[in-house]
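Enquirer: So that we are looking at the same thing, I have put the structure below in structure tokens.
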Amino acid sequence: MAFHRRRNHYYNRFRSILPLICSISGALLILFALLSFLAPTPIDSNNPQHTNSVLYRTLYARNGVVEDTIGQSVLHIPKKGRTDRDIWSSKNSLYYYGCSNASIKFANADAVTQPNRYLLIVTSGGLNQQRTGIIDAVVAARILNATLVVPRLDQKSFWKDSSDFSEIFDVDWYISSLSKDVKIIKSLPKRGGKTWIPRNMRVPRKCSERCYQNRILPVLLKRHAIQLTKFDYRVANRLDTQLQKLRCRVNYHALKFTDPILRMGEKLVHRMRMKSKHFIALHLRFEPDMLAFSGCYYGGGDKERKELGAIRKRWKTLHVSNPDKERRHGKCPLTPREVGLMLRALGYSSDINIYVASGEVYGGEETLAPLKALFPNFYTKETLASKEELEPFSSFSSRMAALDFIVCEESDVFVTNNNGNMARILAGRRRYFGHKPTIRPNAKKLYRLFLNQTTMSWEAFTSKMRTYQRGFMGEPKEVRPGRGDFHENPHTCICEDSEAKAKKDSGPGKYGKGYDDVLGYNEPELPDPDDDGYQDGPQEKEQFNGTGMDYDGITNEEPELEEILSD
């Protein structure tokens, strides 16, 4: 009986407090529902659009500053940039100039060219990769004392561009301006009234003078006409000084685009100049093929892995076991957002005009949105020119790439995102023609900075950014002579005005601050090339996406992975 009385007591007591329990539970449910409604969308690893990743983090503007919307970021980015220094030039550039004239000891072409020696070359890749072959073809012909036939362009690769040399470059100027260096003709003469079929050969990559004399010359002496196929990066990085200067004469003076390309390119530059005194050109290099080839991962979950993995299968020998490692080692392009943050941290304000040379960006407008939030004045050739104006060029990938090349070369600041063929050639041209700033991200160090950005103030972030970018800003003597690719660092063809520099060094500091005052020097991490180069193997290739840019990527043959991914 006592047990039943206790049970009834507890039961009656429970019934009395049941309404209170229900009320509290209901209130908690309402509170939970309200919090769920206000909270951010949960992260879905299969949907990169909702991933807290380096690629899909967004930025938004509020009260004149740009803020990060993910995590506890304290990067409140001011609208205005730095005003305590000249961010558009370096005072040291005043004391260096391009110098590529031949010495009096460099014999005239008429004196050294041998009869019945004809050299033909077939270039490989996209516009800028082919450009390296066109330049080096002149050097190869000089080494062999042969007559050069105007180079043939690659028309059968991925790009399917049917343009020949004369439709992209001014062929008459090319021949006449080099007449004292190498004899050049437009076509191989007939032999005995019949078409002359040259002997096809492949030359090793980075072939030295001795290599050409030992491997190619004996065949040329026997057959009198040879054609070197897949001709890209087939001349050694280090050559005799006079041959290096010849390289520069070809690259910086003899190789000019045709008048229609030049006129359209100049229109694009003029339209950028009409918008503001200065502008930045960015070679974004964030196309799907580029990311797939690099083997990088940007936190986009299974969707990103599946999409880029499918593209990566086009290279049978390309296996990526640790994509995060590639980013840690600086092998990956920065995201558009990271490029924008880098430029803002270096002092470029939000009202600056930016020209973006790029094809299809991985992630589309969502990926570009953070960059556009940082730099709303965002232009491409498609936004600057009408379809009718671009129509003569739009069906030809190399001609579209040439337009971007012109705008990037003429920009006040050029930013390259991952060091491909176009970036290297432009970096060298900008050094030769006055050392206009050329910014290359120090990706290895910037990876760690972006990883820790939410733990520091904007002031601390900008300070570290400027420190890490020392030596990556296109300054004179930024890279030691002989380091890196010669097309990027044409040290033999850059002279110092020692008299003017001596006056500057002895006088008061009245030139104002430039990049060198703030950033100093810290040599970029560039591969040290071999004298005699590489052995035969799969070739480096560029991928063109159909809208004007080329970069190392897909072709019908395996690319040379080590050389591309080491840049």
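Enquirer: Name the pairs: first residue in segment 192-215 and closer than 13 Å to V139 by Cβ, second residue polar (S, T, N, Q) and outside any helix (DSSP H, G or I), Cβ to Cβ under 7 Å, at least 6 apart or on different chains?
Expert: Note: pairs meeting the criteria are K206/N237.
Enquirer: While we're looking at this one, here's another question. Residue by residue through segment 220-233, note down the ones that are touching a helix residue (DSSP H, G or I) at 6+ places or on another chain (Cβ under 6 Å) and charged (D, E, K, R).
Expert: D232
Enquirer: Being aromatic (F, W, Y), part of a helix (DSSP H, G or I), surrounded by fewer than 24 Cβ atoms within 10 Å (Cβ to Cβ) and touching a helix residue (DSSP H, G or I) at 6+ places or on another chain (Cβ under 8 Å): is that true of F393 here?
Expert: yes
Enquirer: For segment 172-195, name all the residues that are surrounded by 14 or more Cβ atoms within 10 Å (Cβ to Cβ) and closer than 18 Å to N116 by Cβ.
Expert: Across segment 172-195, the qualifying residues are V182, K183, I184, L188.
Enquirer: Assuming A310 fulfils every condition listed in (1) free of Cβ contacts under 8 Å to residues at least 24 places away in the same chain; (2) in a loop (DSSP other than H, G, I, E, B); (3) not hydroxyl-bearing (S, T, Y) apart from one, which condition is it?
Expert: A310 satisfies every listed condition except (2).
Enquirer: Any residue that is in a loop (DSSP other than H, G, I, E, B), surrounded by fewer than 21 Cβ atoms within 10 Å (Cβ to Cβ) and either in contact with an Asp or Glu (Cβ under 9 Å, 6 or more places away or on another chain) or of a type outside the set (V, I, T) (or both) - is there at least one of those in segment 125-132? Can you show your working first?
Expert: Within segment 125-132, the subset in a loop (DSSP other than H, G, I, E, B) is 125-126.
Now narrow it down to the ones that are surrounded by fewer than 21 Cβ atoms within 10 Å (Cβ to Cβ): none.
Looking through segment 125-132, none of the residues is in a loop (DSSP other than H, G, I, E, B), surrounded by fewer than 21 Cβ atoms within 10 Å (Cβ to Cβ) and either in contact with an Asp or Glu (Cβ under 9 Å, 6 or more places away or on another chain) or of a type outside the set (V, I, T) (or both).
Enquirer: Here is a follow-up. So is S177 in contact (Cβ under 8 Å) with a residue 40 or more places away in the chain, closer than 30 Å to D259 by Cα and touching a Lys or Arg at 6+ places or on another chain (Cβ under 9 Å) or not?
Expert: Yes, satisfied.
Enquirer: Being modelled with pLDDT under 80 and part of a loop (DSSP other than H, G, I, E, B) is the filter here; which residues of segment 315-350 pass it?
Expert: Result: W315, K316, T317, L318, H319, V320, S321, N322.
Enquirer: Go over the candidates A102, A137, A141 one by one and state the one that is more than 28 Å from M264 (Cβ to Cβ) and buried (at least 24 other Cβ atoms within 10 Å of the Cβ).
Expert: From the options A102, A137, A141, the qualifying one is A141.
Enquirer: A further question on this structure: Looking only at segment 236-264, count how many residues are assigned to a loop (DSSP other than H, G, I, E, B) and either over 19 Å from F165 (Cβ atoms) or charged (D, E, K, R) (or both).
Expert: Residues of segment 236-264 that are assigned to a loop (DSSP other than H, G, I, E, B), as a first pass: 236-240, 255-256, 258.
Adding the requirement that they be either over 19 Å from F165 (Cβ atoms) or charged (D, E, K, R) (or both) leaves 236-240, 256.
Total meeting the criteria: 6.
Enquirer: Could you say whether any residue in segment 411-420 is touching a Phe, Trp or Tyr at 6+ places or on another chain (Cβ under 9 Å), among the aliphatic types (A, V, I, L, M), assigned to a helix (DSSP H, G or I) and crowded, with 22+ Cβ neighbours inside 10 Å?
Expert: Filtering segment 411-420 for residues touching a Phe, Trp or Tyr at 6+ places or on another chain (Cβ under 9 Å) gives 411-413, 417-418, 420.
From what is left, the residues that are among the aliphatic types (A, V, I, L, M) are 413.
Within this subset, residues satisfying the condition of being assigned to a helix (DSSP H, G or I) are none.
Scanning segment 411-420 turns up no residue that is touching a Phe, Trp or Tyr at 6+ places or on another chain (Cβ under 9 Å), among the aliphatic types (A, V, I, L, M), assigned to a helix (DSSP H, G or I) and crowded, with 22+ Cβ neighbours inside 10 Å.
Enquirer: When the residues of segment 209-257 are filtered to those that are of a type in the set (S, T, Y) and more than 23 Å from P115 (Cα to Cα), which remaining residue is surrounded by the fewest Cβ atoms within 10 Å (Cβ to Cβ)?
Expert: It comes out as T241.
Enquirer: Now for a different question. Can you work out which of the residues in segment 270-313 that are among the aliphatic types (A, V, I, L, M) and open to solvent by 20 Å² or more (accessible area, probe 1.4 Å) is nearest to the chain's Cα centre (by Cα)?
Expert: It comes out as I311.
Enquirer: Looking at the structure I just gave you, is E326 over 22 Å from A357 (Cα atoms), within 20 Å of the chain's Cα centre (by Cα) and open to solvent by 10 Å² or more (accessible area, probe 1.4 Å)?
Expert: yes
Enquirer: Failed condition for Y362, given (1) under 23 Å from G295 (Cβ atoms); (2) open to solvent by 50 Å² or more (accessible area, probe 1.4 Å); (3) assigned to a loop (DSSP other than H, G, I, E, B); (4) of a type outside the set (A, V, I, L, M), with all others met?
Expert: (2)
The values are calculated or read from the model by the stated rules, or taken from the named source; none is laboratory data. Since we're looking at a predicted model, the values are computed, not measured. Neighbour counts are summed over all protein chains in view; Cβ atoms, including those assigned to glycine, are modelled from backbone coordinates with ideal geometry. These area figures cover heavy atoms from the full protein model, side chains too; ligands, DNA and RNA do not enter into them. Shrake-Rupley method; radii C 1.70, N 1.55, O 1.52, S 1.80 Å.
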